[in-house]
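The values are calculated or read from the model by the stated rules, or taken from the named source; none is laboratory data. Values in this document were obtained by computation on a predicted structure and should not be read as measured data. When we count neighbours, we look across all protein chains shown, and the Cβ atoms used for this are built from the backbone with ideal geometry, even at glycine.
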Amino acid sequence: MYAAQYEITLPADYDMEIIRRRVATYGHLFDDRAGLGLKAYLIRERGVDGSPVNQYAPFYLWSDTGAMAHFLVGGGGFQAIVRDFGRPVVQHWTVVATLAGPARHTVPVTATSRRGPVPTDPDPAGTGLAERIEREIAEVTNLAGRDGVHTAVLAVDPRHWQLLRFVLWATSEAAGQDGEATERYAVPHLSVPGLAHLPEGRHW
């Protein structure tokens, strides 16, 4: 499974209602997309929840890499982003754990993420990375059990050796429990065509 996200940073005086209308108009197009676990339509607004920028930053969990490829380069929808905003960098990670939270039955309104580098392994035997991932999985599993969590994800980018923790929350108040978050987003729409089939826990 792959996680993917692109960030479209907009001018400081941009009317974010334009993005909300875009999501309201087109968000349903991914509600039954084959090969997609979920798509969270994410917005950061300058001056809200500490955000320094206006940003549209959708987040995807793809269960089928062919479906992901079709979306990105096969005419499956990404061309509309390129047409309207230019071609953004698409960040992507290998997912190592997905977890359902107590609020899985709700519609989330907030998301948090934490990104950070994976430190160089000090162990000459090479076991430090696995141990670090085990600790991260334990931490995200603990977080996923808290009230208000819809879904929690842990993923790794092995090109830049970056870890991503992404959490969907039922309420903005509940999201305050993620004290390590580096970004916080509003979620005006969530498409969940493959939510019921996401693996639970560690992916190996």
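For this structure, a couple of remarks:
- Candidates ASP13, ASP32 - the one that is more than 14 Å from TYR185 (Cβ to Cβ), without any contact (Cβ under 8 Å) to a residue 12 or more places away in the chain and in a loop (DSSP other than H, G, I, E, B): ASP13
- The condition (being under 18 Å from LEU42 (Cβ atoms), touching a Gly at 6+ places or on another chain (Cβ under 8 Å) and in contact (Cβ under 8 Å) with a residue 12 or more places away in the chain) is satisfied by just one residue among VAL107, VAL149, VAL153: VAL149.
- Those residues of the stretch 38-66 which are surrounded by fewer than 20 Cβ atoms within 10 Å (Cβ to Cβ) and either among the charged types (D, E, K, R) or more than 28 Å from THR182 (Cα to Cα) (or both), in sequence order: GLU45, ARG46, ASP49, ASP64, GLY66
- Selection count, the stretch 138-163, where residues are of a type in the set (A, V, I, L, M, F, W, C), surrounded by 22 or more Cβ atoms within 10 Å (Cβ to Cβ) and not in a helix (DSSP H, G or I): 5
- Checking each residue in the stretch 35-55 for being of a type outside the set (A, V, I, L, M), within 16 Å of LEU168 (Cα to Cα) and part of a strand (DSSP E or B) picks out GLY37, LYS39, TYR41, ARG44.
- Residue list for the stretch 171-202, filter: in a loop (DSSP other than H, G, I, E, B), farther than 18 Å from LYS39 by Cβ and modelled with pLDDT of 95 or more: THR171, GLU200
- Hits in the stretch 100-132 - residues which are part of a helix (DSSP H, G or I) and either at pLDDT 95 or above or in contact with a helix residue (DSSP H, G or I) (Cβ under 7 Å, 6 or more places away or on another chain) (or both): none
- ASP15 surrounded by fewer than 19 Cβ atoms within 10 Å (Cβ to Cβ) and either farther than 24 Å from GLU173 by Cα or polar (S, T, N, Q) (or both): yes
- Verdict on PHE71 being in contact with a helix residue (DSSP H, G or I) (Cβ under 7 Å, 6 or more places away or on another chain) and of a type outside the set (Val, Ile, Thr): yes
- Residue match in the stretch 87-95 (condition: more than 23 Å from PRO108 (Cβ to Cβ), aliphatic (A, V, I, L, M) and surrounded by fewer than 19 Cβ atoms within 10 Å (Cβ to Cβ)): yes
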